[in-house]
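K.L.:
Below is a structure I'd like to ask you about.
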Amino acid sequence: MSDTHIPVRAKDLPASVWAAVDAADVVVHAGDWVSMDLLDALEARAQRLVGVHGNNDGSALRARLPEVARVELAGVRFAVVHETGAATGRERRCAAAYPDADVLVFGHSHIPWDTTATRPDGGELRLLNPGSPTDRRRQPTFTWMTADVADGRLGQVELHHLSPRV
């Protein structure tokens, strides 16, 4: 997930997102938490949490979270960052900036994204932005992603949708 902006855009994560957190082996948050309370809650509930700070995160969050996180999960090399710049040229820029990653999870735009780029070594970099489960901006739904990782490969990636609150 990314761009939760709690408590500014929502008081809490939707129940279905908490259920996904409870079921996951690893939870990734690509920044713009806004509140330390959510970081504390996710650390308490997630089996494992990988997170970075975003541009809306204050000094307390920046003190606890890196700008870029790198982790290997089941043989797949992940990088997590909040901002990747403009959509135009994103694949080329990210493939050059993260040549040692197989998957890059990012946020900032609140726009779901799932593409593949060719790294300088000829390998592939999968770029994933889960959107936001709490601040859809101009998107039709609130979103987050789940992914299966096993045996050195990224399996199914699913974009989950929640209808706008009324």
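K.L.:
Which condition breaks for R137 when tested against (1) at pLDDT 95 or above; (2) surrounded by fewer than 19 Cβ atoms within 10 Å (Cβ to Cβ); (3) of a type outside the set (A, V, I, L, M, F, W, C)?
P.N.:
It is condition (1) that R137 fails.
K.L.:
Looking only at residues in the range 87-146 that are assigned to a strand (DSSP E or B) and polar (S, T, N, Q), which one is nearest to V26 (Cα to Cα)?
P.N.:
Selected residue: T146.
K.L.:
Here's a follow-up. What single numbered condition from (1) over 16 Å from the mean Cα position of the chain (by Cα); (2) polar (S, T, N, Q); (3) closer than 30 Å to V8 by Cα fails to hold for T134?
P.N.:
Every condition holds for T134 apart from (1).
K.L.:
Still on this structure: Which members of the range 22-46 meet the condition of being crowded, with 18+ Cβ neighbours inside 10 Å and either acidic (D, E) or not in a loop (DSSP other than H, G, I, E, B) (or both)?
P.N.:
V27, V28, H29, D32, L38, L39, L42
K.L.:
Can I ask one more? When the range 92-142 is examined, which residues are found to be more than 19 Å from V68 (Cβ to Cβ) and of a type in the set (A, V, I, L, M, F, W, C)?
P.N.:
The answer is I111, F142.
Rundown of residues vs (1) touching a Ser or Thr at 6+ places or on another chain (Cβ under 6 Å); (2) within 14 Å of G58 (Cα to Cα); (3) among the polar types (S, T, N, Q), yes/no style:
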| site | (1), (2), (3) |
| --- | --- |
| R9 | yes, no, no |
| S16 | no, no, yes |
| A24 | no, no, no |
| H29 | no, no, no |
| S35 | no, yes, yes |
| A46 | no, no, no |
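K.L.:
Among the residues of the range 67-74, is there at least one that is touching a His at 6+ places or on another chain (Cβ under 8 Å) and not in a loop (DSSP other than H, G, I, E, B)?
P.N.:
No, the conditions are met nowhere in the range 67-74.
The values are calculated or read from the model by the stated rules, or taken from the named source; none is laboratory data. Note that the coordinates shown come from a computational prediction; the quantities given were computed from them, not determined experimentally. Heads up, the Cβs are rebuilt from the backbone with ideal geometry, glycines too, and the neighbour counts pull from every protein chain shown.
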